[in-house]
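All remarks here apply to the structure that follows.
The values are calculated or read from the model by the stated rules, or taken from the named source; none is laboratory data. Since the model is a prediction, treat every value here as computed from it, not as a measurement. Backbone-built Cβ (ideal geometry, glycine too); neighbour counts: all protein chains shown.
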Amino acid sequence: MDLSGKSYKAFLERREALKKQYSPEQAEKQHRKGKLTAHERISLFFDPGTFEEIDTFVTPADHPVEFGKVERTYGDGVIVGYGKVNGRLVFAYAQDFTVMGGSLGVVHARKISKIQEMALKMGSPIVGMMDSGGARIQEGVASLSSYASIFHNIIQSSGIIPQISVIMGPAAGGAVYSPALTDFVFMVNHTSYMFVTGPNVVKEVLNEDVTFDDLGGAGIHARKSGVAHMIYDDEENTILALKKFLSYLPSNNVENPPLVPDDGSAQDVCEKLRDIVPDDPNKAYDVKDIIQLVADRNSFFETAELFAPNLVTGFARLKGRTVGIVANQPKVLAGVLDIDSSVKGARFIRFCDAFNIPIITFEDVPGFLPGADQEHNGIIRHGAKMLFAYSEATVPKITVILRKAYGGAFIVMNSKNLGGDFSFAWPTAEIAVMGPDGAVAILYRKKLAETKNPAELKKELTKKYRDKVANPFIADELGYIDEVIDPAVTRKKVLSALNALGNKWVKVPERKHGNIPL
Ligand code: HXC
């Protein structure tokens, strides 16, 4: 090639123009807001030297002259490409707020669609880093339709490749549905926000004053709406956590999650497990202490930690193999199942099932949360999601009943007749139709009303019920669980069950899809 020729010169000039486009002043603008630039995000995310950018030199589409001259920026406000993360192929896009507010025009969207399609074809995860004012106003309906293509691609890839969104600035209007359709959403505290209508519209329509953060900041979405699964205080920590998170997941639905060398420090027989559940059935404890001792040391990565904390979900490893953990948390609302925890659990279970991740359930649940609020808001409909998700999942499913397993909640939490593969119970387990107080009140209502000292009789009957009914041994004798085990051997039992389930194969009836109650 003639290096002094016209075409090579043009090639170099374009590269020079691109360099100038990303000025230090623009970067400074992002930094002042506590944000990184799109390039900085990409280079933090990918293993050094592995990122390959594509469509670098595309330019924006035309728009009507009334909106001014089209800025012929290279790249149209989004960086797209692929590279290695923890040594594995990952596709990503990062919106560049310094170019027309990262707004999504037709060309910008075409770039995203292109790598979405590539990621699906190659069977690799895709990560979207969002920092955008939404649909590009100047491009009108064309930019709206471009969003539709992106949504359609996400839906087509759902359950085939992991799709993760990281919100690192605004996500406003219908644009929020792009992250909402993906599997997991990461947000950054105080610099990212998501809402369908912003504070100005809220003021106009409802005359309510609300800040960006209070309307759609990371804290609100992590605690209240459940839209965000993981939040961190800055972008560096968000990206580092994301890289760790990806290490638990397979690249696609036909692969298994990567096997990580186990340092062997977790004890297969651990006597400490005998001392966590208090003797008093009304006393709380932290189920995460049990998860930490059963899983490989420091391997537990909790998801949606702040949303519905009465149910704990997350990924962990057992001898280096990824498992999904679902656990009632007696420390919060006594571990009861309510609307939010049912939805959280169901979605997590379905993700595990789609991506070949066995599910380990730790059960200590007094039942569904009673009350008009829950009933009126649809605990029947939402609780059904958990049932549906557990039952339809074909991955290995193992339950350890730690303490309470009452009523419908016993059935929901992966009971054997719902399709659970192995069900173990600790001697502290209480398996019955309802808790002792409720049962005695119903069964002995007349007797209690007639007696002179109802409190004493109630105490006596409750003790009798607990001894005779609310224990694991009846279920054991009837075969509704597989074994009552010493808590110390929980990890050993779960590992051996997992090994036994290595070749589990389930034939699913042919149908277009089931109809999970939404
Ligand atoms: C074109 C946009 C833009 C947009 C921002 N910009 N949003 N350009 N289309 N949607 C441009 C601004 O004109 C500005 O250009 C630059 O980006 C930075 O924006 P600022 O407003 O100066 O930044 P900031 O003060 O940080 O405010 C950020 C913002 C605000 C809150 C996101 O820009 C904003 O409210 N934008 C509109 C949000 C919105 O309503 N989008 C449409 C959503 S509806 P200059 O040249 O001055 O630097 C939607 C439909 C999707 O997305 C449909 C899917 C179904």
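Odds and ends about this structure:
- The number of residues in segment 111-127 being assigned to a helix (DSSP H, G or I) and over 17 Å from ILE167 (Cα atoms) comes to 11.
- Residue identified as modelled with pLDDT under 95 and not basic (Lys, Arg) among PRO281, PRO309: PRO281
- The number of residues in segment 160-188 being of a type outside the set (Gly, Ala, Ser), within 16 Å of the ligand (Cβ to nearest atom) and in a strand (DSSP E or B) comes to 4.
- Taking segment 112-127 as the range and being within 16 Å of the ligand (Cβ to nearest atom) and surrounded by fewer than 20 Cβ atoms within 10 Å (Cβ to Cβ) as the test, only SER113 passes.
- Residue within segment 193-214 that is in contact with a strand residue (DSSP E or B) (Cβ under 7 Å, 6 or more places away or on another chain), surrounded by 13 or more Cβ atoms within 10 Å (Cβ to Cβ) and closer than 22 Å to VAL343 by Cα present: yes
- Helices (runs of 4 or more DSSP H) wholly inside segment 413-505 that include at least 3 residues being touching a residue at least 60 places away in the same chain (Cβ under 8 Å) and closer than 30 Å to ALA295 by Cα: 490-500
- Number of residues in segment 128-159 that are more than 7 Å from the ligand (Cβ to nearest atom), outside any helix (DSSP H, G or I) and under 15 Å from TYR177 (Cβ atoms) equals 4.
- Residue among ASP373, ASP364 that is acidic (Asp, Glu), at pLDDT 95 or above and not in a helix (DSSP H, G or I): ASP364
- Residue check for GLY219: in contact (Cβ under 8 Å) with a residue 12 or more places away in the chain, touching a strand residue (DSSP E or B) at 6+ places or on another chain (Cβ under 9 Å) and within 16 Å of the ligand (Cβ to nearest atom): no
- Every pair of residues 6+ apart whose Cβ atoms lie under 8 Å, when the first sits in segment 160-176 and is of a type in the set (S, T, N, Q) while the second is near the ligand (Cβ under 9 Å from one of its atoms) and in a helix (DSSP H, G or I): SER165/SER178
- Matching residues, segment 495-518, being in contact with a strand residue (DSSP E or B) (Cβ under 7 Å, 6 or more places away or on another chain) and either more than 26 Å from GLY159 (Cβ to Cβ) or not hydrophobic (A, V, I, L, M, F, W, C) (or both): LEU495
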